[in-house]
Amino acid sequence: MAQPAARFDAVVFDLLTALLDSWALWNSVAGSSEDGLRWRRRYLEITYACGAYRPYETLVAEAAADAGLPSALAQDLVRRWDELQPWTEAPGVLRRLAGRAPLAIATNCSVHLGQAAARRAGTLFSHVVTAEDAGFYKPRPEPYRAVLRALGTLPERTLFVAGSASDVPGAQGVGMPVYWHNRLGLPSRNGARADWTEPSLEQLPAIVLG
């Protein structure tokens, strides 16, 4: 018996927060959760204000210096990049979705690091679009539109799985419905509300597959 069609024509994931626990790696490189959080928050501020692409490693180094940490931590982060681990339920969720709807990634990093991180999440993605590919960082619209072009799908038929608060208004701004995997209980950005907000990825297959 044929399986029923999915509710969406494709699913696009944020990579470094929605699928991978990048927080743990940043904390480990920084030496403590407090330093890692301060460093990561400053990086996010710089990235969201950046817009047009500047090298990812440069932004990470600037954020470390601004947070009172050695800028060389950026090199350590890149060196340890293959330590990134998917959230516990992520591999199973991706396997359930695979074959039912194309899966893609839109991520705020370089091509090299984006491809390497995507491999840590699995090999089920038809497209991996990075900020370097798009020429801009999310939540600018260009990365979301770039992955939509790659998929050839309409925004309203393409579910975006956000990991950060800024991806919610960013993806919604181009017409994509959003599932916010808000594992850390982060506050919303600019009052934006996702179509679905969950503390894990576990509910995603039911929403996509109906």
How big, in percent, is the set of alpha carbon pairs in the stretch 1-106 lying more than 17 Å apart? 60 percent
Determine the calculated [θ] at 222 nm for the chain from helices alone, applying -39500 (n - 2.57) to every DSSP H run no shorter than 4 residues and normalising by the residue count; nearest 500 deg cm²/dmol. -12500 deg cm²/dmol
Mean 1/r over all different Cα pairs, inverted: what Kirkwood radius does the stretch 51-143 give, in Å? 14.5 Å
Between T88 and E45, with labels modelled 7 Å along Cα→Cβ, what's the label distance in nm to one decimal, could you check? 3.3 nm
Gain on full stretching of the segment that runs from R54 to A72 - 0.36 nm per residue minus C-alpha separation: 4.7 nm
Quote to one decimal, in nm, the extra length available between R149 and S28 on full extension: 0.36 nm per residue of separation minus the C-alpha distance between them. 39.9 nm
Only Cα pairs within less than 10 Å get springs; with that Gaussian network setup on the chain, which residue of G152, G51, G36 has the largest fluctuation? G152
Put +1 on the Cβ of every Lys and Arg and -1 on every Asp and Glu Cβ in the chain; which of A63, A30, G51 then has its Cα farthest towards the positive end of the dipole? G51
Modelled label-to-label distance, S200 and A65, 7 Å Cα→beta-carbon offset: nm? 4.2 nm
Give the label of the value calculated from the structure for Rg and Dmax of the Cα atoms in Å, choosing from [x] 16.3, 60; [y] 18.8, 61; [z] 16.9, 50. [x]
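Here, each number is a calculation from the coordinates, and none is a lab measurement. These figures come from a predicted structure and were not determined experimentally. Using ideal geometry, Cβ is built from the backbone for each residue, glycine included, and neighbour counts are taken over all protein chains shown.
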